[in-house]
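Notes to accompany the following structure.
Here, each number is a calculation from the coordinates, and none is a lab measurement. For clarity, every value in this text was computed on a predicted model and none was experimentally measured. Here the Cβ positions follow ideal geometry from the backbone for every residue, glycine too, while neighbour counts run over all protein chains shown.
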Amino acid sequence: MSKRIVALEPSIAAIFVALGQGAKLVAVSEHCSHLADVAHLPRTPSSWSIRAEDLASYRPDLVIASAPYRQESITALLAARLDVLCLAPESLADVYRHIDLVGRITGATDRAQKLIAAMHQEFDVIRQNLMGRLRPRVYVEMWPKPAMNAMPWVAELVELAGGEFVPLPPGRSVTDAEIQAADPQLIVLAWAGAAQINPEVVYRRPGWRELAAVRTRRVVTVDEMLLNSPGPNLVEGARRLAEVIHSFEKR
């Protein structure tokens, strides 16, 4: 059983904390400032830019990375004879599998199954509370230049929170023409790595002024860690999406 683990992404660290296994972490990603339970741990670069020398002093017996990562970075870790586990989640099903995997790695299988069951239950409650209501077209943007719509698991969250995710498919660059054709009624900004986002940026975009969401000034921001980090925090992300989608009906 691994006892000295480095988590290169916030989602991985969050899973360890949720399973009560934070003590097995010896270092975490520099992007974990929102996780109070690992605030005392040393910080490392992320999966994208990590180097073997960044990890030498921690003597990890397992390094867990998650997409997006550079093949060159991971190859360098392997060349340094480090054991590396790479995750590439796309769907909520993948998130559940990874929680189960961390549970098995740490000997916390029961806790992992309870966490997965609790997430299912919370999502079901959100879905049931919004049944029969209007389903506005929702565009979730995770990066502005070039514009990219959110990952597939976010599309699932939008649907269960009472919206219609547009444009499909998720997790890719989108053109102005695609956005115009989809004509979202609500735009959610959750830019990766952005501490603050000004919705006025969207209102000023050329070619976007005739979008329903822009004409009615329905552009909102959501903490990107609630949506872009595929872990237990997605429950709170779904609640936040449900709030902003439900508020659409009240205006």
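Where both residues lie in the chain, what percent of DSSP beta bridges are antiparallel, nearest 5?
About 10 percent, rounded to the nearest 5.
With a cut-off of 12 Å, note down the residues of region 165-195 whose backbone N falls inside the zone around a label point 7 Å from the Cα of Leu134 toward its beta carbon.
Hits in region 165-195 for Leu134 at 12 Å: 185-186.
In the neighborhood of Ile126, defined by Cβ-to-Cβ distances under 13 Å, what is the net charge if each Lys or Arg adds +1 and each Asp or Glu adds -1?
So the surrounding residues net to -2.
When each pair of different Cα atoms in the chain is counted once in the 1/r mean, what is the Kirkwood radius in angstroms, to one decimal?
That comes to 19.1 Å for the chain.
Taking 8 Å as the Cα distance limit and 6 or more residues as the minimum spacing, I'd like the relative contact order of the chain as a percentage.
16 percent
Show me, for region 161-171, the HN-Hα J-couplings you get by feeding each phi into the Karplus relation (A = 6.51, B = -1.76, C = 1.60, θ = phi - 60°), rounded to Hz, glycine and proline as x.
Coupling constants for region 161-171: 8, x, x, 10, 6, 9, x, 8, x, x, x Hz.
Using the charge dipole of region 133-249 (Lys, Arg: +1 at Cβ; Asp, Glu: -1 at Cβ; taken about the Cα centre), state which of Gly207, Gly163, Tyr139 has its Cα farthest towards the positive end.
Gly207
List the trypsin sites (Lys or Arg not before Pro) in region 189-218 that DSSP assigns to loop (not H, G, I, E or B) and whose Cβ has at most 15 other Cβ atoms within 10 Å. Which are they?
Arg204, Arg209, Arg217
For region 124-135, what does the Karplus curve 6.51 cos²θ - 1.76 cosθ + 1.60, with θ = phi - 60°, yield as ³J(HN,Hα) per residue in whole Hz, taken in order and with x for Gly and Pro?
Whole-Hz 3J(HN,Hα) from phi for region 124-135: 5, 5, 4, 4, 5, 5, 10, 5, x, 8, 4, 10.
Determine, at each q value in 0.13, 0.18, 0.22 (inverse angstroms), the log₁₀ of I(q)/I(0) that the Debye formula gives when each Cα of region 5-119 is one equal point scatterer.
Here the Debye-derived log intensity ratios amount to -0.45, -0.87, -1.27.
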